[in-house]
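Working notes, beginning with the structure itself.
The values are calculated or read from the model by the stated rules, or taken from the named source; none is laboratory data. All figures in this text were calculated on a predicted structure; none of them were measured in a lab. Methodologically, a virtual Cβ is constructed for each residue, glycine included, from the backbone with ideal geometry; neighbour enumeration extends over all protein chains shown. Ligands, DNA and RNA are stripped out before the accessible areas are found, and what is left, the full protein with its side chains, is counted by its heavy atoms. Shrake-Rupley method; radii C 1.70, N 1.55, O 1.52, S 1.80 Å.
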Amino acid sequence: MGCYNCTPSHPASPSEPMNLKSLASTLGISKTTVSRALNGYPEVSTPTRERVLAAAKELGYEANPMARSLAVGRTNVFGIIYPLLPTDLGDTMFLKVVGGMSAMLEKSKMNLTIAPVSAANELPSYEQMVRGRRVDGLVVGRTLVHDQRIAYLVKKGFPFVAHGRTELQQPYAWFDYDNVGGMRTACEHLFALGHQRIALVSAPLDLNFAAQRQASFKACLQDAGLALDPRHLVANNMDRRTGYQAMQLLLATNPRPSAVIVDNHLSGVGAVRALLDAGVAIGTEMSVIVWGSVEDTLVDLNVTTIDQPDLNGAGARMVEMLQALVGGADPASLQVLWKTALIPGATVGPCPR
């Protein structure tokens, strides 16, 4: 390593760009030592590292991103491989999570790439991304009850954070909201208002969040001593159209449910619209709770919701977890569950007699 108290032999002129060579010359130490100090190599002494960092800041030196990536063997990019649905780009909840990720990565001068793929090509895209080391880590969204993507990433030892959970024996890093607790909150709110015939509109049950929420719903009814009408369980709804159709099916049952819980906001918009079109007095004739925010799509209706608070913060937290994994953290220590919250609105009222 270069000596600590060397006198600079070739200081850069005011007009000369401050590149790595100029910075090393100004400090009077080797380029290798400067590079290692800037990239946090442990063999560089603390006084030397501090001196290099202080000089870089004072002289306005910024590392060439490509050169730095080659030096540390990283791309400074995190990725999401996503089979985008037509509704995703207009989904404020999805965009808030992604916005939180992007903001956190910007602080670290890193980037986020989203790779839209077809559902059939999703797993091959993961394999291609991992083999080519095109990103330093991945966020896996819309986790499945049995998820081949997560099993593959665990097997390869590739850094990832699951946005949701899956049934897997090996430890892995995940971030999720409390599906079981949120559903219980919704049910207990309706029980307290006298509702006993309660229906559930679900997303496809191969999605882990939908499976957990339905299981919690069934357990709540059982614990309350209430019978479950199979006709009041309508699954495979993940957009406005299917949510609308699901509510039409429920309206055609006899007796109708007095309350409906919709386990995702995309279907929730369609379900509420079906009630409005049918002339049903929401909150009086039939109560509705929707999981997730619908404030931007049903602006004239104050919908009772199970809220997932601070979606921007959730995105930022997943980035922090992924950065920790890339730094060598144990995945088992990175499992985060956030609570949901009931936001009362005008779509829930006492059970009609």
>> I'm trying to understand the selection: among the residues of the stretch 123-142, which are among the hydroxyl-bearing types (Ser, Thr, Tyr) and open to solvent by 10 Å² or more (accessible area, probe 1.4 Å)?
In response: Ser125
> Can you spot a residue in the stretch 145-152 that is in contact with a helix residue (DSSP H, G or I) (Cβ under 8 Å, 6 or more places away or on another chain), free of Cβ contacts under 8 Å to residues at least 60 places away in the same chain, open to solvent by 40 Å² or more (accessible area, probe 1.4 Å) and assigned to a helix (DSSP H, G or I)?
Replying inline: yes
> Out of all the residues in the stretch 39-69, which are of a type in the set (A, V, I, L, M, F, W, C), modelled with pLDDT under 85 and open to solvent by 60 Å² or more (accessible area, probe 1.4 Å)?
Replying inline: Leu59, Met66
> Out of Ala219, Ala192, Ala215, Ala211, which single residue is over 24 Å from Pro255 (Cα atoms), modelled with pLDDT of 95 or more and not aromatic (Phe, Trp, Tyr)?
Replying inline: Ala211
> Of the residues that make up the stretch 103-122, is at least one part of a loop (DSSP other than H, G, I, E, B), open to solvent by less than 10 Å² (accessible area, probe 1.4 Å) and either in contact with a helix residue (DSSP H, G or I) (Cβ under 8 Å, 6 or more places away or on another chain) or closer than 28 Å to Arg240 by Cα (or both)?
Replying inline: no
> For the stretch 235-257, does any single residue satisfy the condition of being closer than 22 Å to Asp206 by Cα, aliphatic (A, V, I, L, M), touching a strand residue (DSSP E or B) at 6+ places or on another chain (Cβ under 7 Å) and open to solvent by 20 Å² or more (accessible area, probe 1.4 Å)?
Replying inline: yes
> Does Leu276 fit the bill of being assigned to a strand (DSSP E or B), open to solvent by 40 Å² or more (accessible area, probe 1.4 Å) and either touching a Phe, Trp or Tyr at 6+ places or on another chain (Cβ under 6 Å) or hydrophobic (A, V, I, L, M, F, W, C) (or both)?
Replying inline: no
> Which of the residues belonging to the stretch 70-91 are open to solvent by less than 70 Å² (accessible area, probe 1.4 Å), more than 23 Å from Gly327 (Cα to Cα), modelled with pLDDT under 85 and not charged (D, E, K, R)?
Replying inline: Leu84, Leu85, Thr87, Gly90
> Before we move on, is Glu295 at pLDDT 95 or above and open to solvent by 20 Å² or more (accessible area, probe 1.4 Å)?
Replying inline: no
